[in-house]
1. Can you sort 58, 28 so the residue with the fewest Cβ neighbours within 10 Å comes first?
2. I need the semi-axes of the equivalent ellipsoid of segment 89-168: take the C-alpha gyration tensor, multiply each eigenvalue by 5, square-root it, list largest first in whole angstrom.
3. So what is the orientation-averaged projected area of segment 16-82, using the convex hull of its C-alpha atoms, in nm²?
4. Regarding segment 16-141, what's the average projected area of the Cα-atom convex hull, expressed in nm²?
5. Treat the count of other C-beta atoms within 10 Å as a stand-in for reagent exposure and order 129, 36, 71 from fewest to most.
6. Can you work out the Karplus-derived ³J(HN,Hα) for every residue in segment 53-61? Use 6.51 cos²θ - 1.76 cosθ + 1.60 with θ = phi - 60°, whole Hz, and x for glycine or proline.
7. With θ taken as phi - 60° and the coefficients 6.51, -1.76 and 1.60, list the Karplus ³J(HN,Hα) couplings across segment 133-146 in order, rounded to whole Hz; mark glycine and proline as x.
Amino acid sequence: MPLSRTQRALPRQVSLVAQTAQFLREGLQAGEWRDHLPGERELCDRFQVSRPTVRSALDQLRREGWLKVAHGKRRRILAPQRRAASSLWTKTIGLLSPVPLKSLPPFVLCWTDELRTHLSREGFELEFHVSRKCFSPRPAGALAALMARTRAAAWVLFRSTGGTQRWFV
């Protein structure tokens, strides 16, 4: 039986701050930056957003345990093991892609948002991970490294290769 108009979930609109925070998370997970993040102006230029947007996104990452902020100093990246551990490790679903979220076609973004909505209703969180190495002909090393730093109950493999699928099996 199809859902009535009032029963259908409205598309979720993601704020610019949330999108910027997600792009920063993806860069941190991909190891784009080592010890410190670049300055606010550089991040503004990179993501084409305002400084208040970057500051809000950085503050969100600080609250999540990704960054340490000291007045007058650069934002230090915390090592994965030093981030606040989630008490719901098994309530995380990983989505692994060879391309960043910002490069995906709009229909895939809608699909991803719908998946996130359904998982959220069931008490799960969707984490987006980007790694081209995990989709190479020999992905074992990259996948083992990803699994060592990420706890997920299950994985969704976007644009998966045979080698990646065999590794997960």
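1. 28, 58
2. Largest first, segment 89-168 gives 21, 16, 9 Å.
3. 4.1
4. 9.0
5. Lowest count first: 71, 36, 129.
6. Those phi angles translate into 5, 4, 4, 5, 5, 5, 5, 4, 5 Hz.
7. Going residue by residue, I get 4, 6, 10, 6, x, 10, x, 3, x, 5, 5, 4, 5, 4 Hz, with x marking Gly and Pro.
Laboratory data are not the source of any read-out in this text; all were calculated from the coordinates shown. What you are looking at is a predicted structure, and each value in this text was computed from that prediction instead of being measured. Positions of Cβ are backbone-derived with ideal geometry, glycine not excepted, and every protein chain shown enters the neighbour counts.
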